[in-house]
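Trainee: Attaching a single structure in structure tokens format; questions to follow.
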Amino acid sequence: MDVLNGETSRILAPAAGALAAILENIEFNPEGKNAVVIGSGLLIGEPCIKWLMHKTKKLTVFNKGGIDKKTLKKADLIVTGTGVVDLVKGSDIAKGAVVVDFGYGRKDGKLGGDAHAASVLKKTGFLTPVPGGTGPIVVAMLMKNFLELNQVNA
């Protein structure tokens, strides 16, 4: 068992654990905040949604149906994991919003995240880089879960 998508309630799925660790590291408490998760996939979106559900004042989830820019602009926290390069632009977000970008894809032969980094960084206090941002933390959380589960089951 690896808890990739949150099979137990006592151990966070790697993506949710990575999100929790990132927010703790930057001293961002999601309680009482408006959050948006873009993409509700099994490995990234769903675990992050489950973790944020009882922590935030308001949680909105967007999928393939599109993004409501008015809602996105009111978000204190944006978590994205769609793989659609440059989906979120600086003009779409509130000043000071925290953006945690789990997504990555290729555009014009270059690897990029869901957030258009140049424009988002002009508006936000925090954006995880792509590549090299959330991925290594997710892997670390996967290993942590594996070790914890093996200690419990040993």
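The values are calculated or read from the model by the stated rules, or taken from the named source; none is laboratory data. Every value quoted in this text rests on a predicted model; they were computed, and no experiment measured them. Cβ atoms come from the backbone with ideal geometry, glycine included; neighbour counts cover every protein chain shown. SASA here: full protein model, heavy atoms, side chains in, ligands and nucleic acids out. Shrake-Rupley method; radii C 1.70, N 1.55, O 1.52, S 1.80 Å.
Trainee: Count, please, the residues in segment 46-59 that happen to be more than 18 Å from residue 124 (Cβ to Cβ) and either β-branched (Val, Ile, Thr) or surrounded by fewer than 18 Cβ atoms within 10 Å (Cβ to Cβ) (or both).
Mentor: 7
Trainee: Here is a further query. Got a number for residues in segment 106-129 being more than 15 Å from residue 48 (Cβ to Cβ), in a loop (DSSP other than H, G, I, E, B) and polar (S, T, N, Q)?
Mentor: Looking only at that region, the number is 1.
Trainee: Confirm whether residue 24 is within 16 Å of residue 134 (Cα to Cα), at pLDDT 90 or above and out of contact with any His (no Cβ under 7 Å at 6 or more places or on another chain).
Mentor: yes
Trainee: Taking into account only those residues within segment 135-154 that are open to solvent by less than 70 Å² (accessible area, probe 1.4 Å) and either touching a helix residue (DSSP H, G or I) at 6+ places or on another chain (Cβ under 8 Å) or among the hydrophobic types (A, V, I, L, M, F, W, C) (or both), which is modelled with the lowest pLDDT?
Mentor: Looking at the filtered set, the residue picked out is 149.
Trainee: Still on this model: So which of 83, 103, 132, 96 is part of a loop (DSSP other than H, G, I, E, B) and surrounded by 23 or more Cβ atoms within 10 Å (Cβ to Cβ)?
Mentor: Just a single option satisfies the conditions, and that option is 103.
Trainee: Kindly indicate whether any position in segment 49-62 is assigned to a helix (DSSP H, G or I), over 22 Å from residue 25 (Cβ atoms) and touching a residue at least 12 places away in the same chain (Cβ under 8 Å).
Mentor: No - not one qualifying residue is present in segment 49-62.
Trainee: Of the conditions (1) of a type outside the set (Val, Ile, Thr); (2) within 23 Å of residue 132 (Cβ to Cβ); (3) open to solvent by less than 40 Å² (accessible area, probe 1.4 Å), residue 43 fails just one. Which one is it?
Mentor: Looking at each condition in turn, residue 43 falls short on (3).
Trainee: Pairs only if they're at least six apart or on different chains, beta carbon under 7 angstrom, first in segment 2-18 and within 12 Å of residue 43 (Cα to Cα) and modelled with pLDDT under 85, second assigned to a loop (DSSP other than H, G, I, E, B) and open to solvent by less than 60 Å² (accessible area, probe 1.4 Å); list them, first residue then second.
Mentor: Hits for this filter: 3/11; 3/13; 4/13; 5/13; 6/13.
Trainee: What tally of residues in segment 19-48 results from selecting those that are outside any loop (DSSP other than H, G, I, E, B), in contact with a helix residue (DSSP H, G or I) (Cβ under 9 Å, 6 or more places away or on another chain) and of a type outside the set (D, E, K, R)?
Mentor: 12
Trainee: Do we have residue 31 as over 15 Å from residue 125 (Cα atoms), among the acidic types (Asp, Glu) and buried (at least 18 other Cβ atoms within 10 Å of the Cβ) here?
Mentor: no
Trainee: Now a separate question. Pull up segment 63-76, narrow it to residues that are of a type in the set (Lys, Arg) and in a loop (DSSP other than H, G, I, E, B), then point me to the one that is surrounded by the most Cβ atoms within 10 Å (Cβ to Cβ).
Mentor: 74
Trainee: Determine, yes or no, whether residue 120 is among the aliphatic types (A, V, I, L, M) and either in contact with a helix residue (DSSP H, G or I) (Cβ under 6 Å, 6 or more places away or on another chain) or farther than 18 Å from residue 19 by Cβ (or both).
Mentor: The answer is yes for residue 120.
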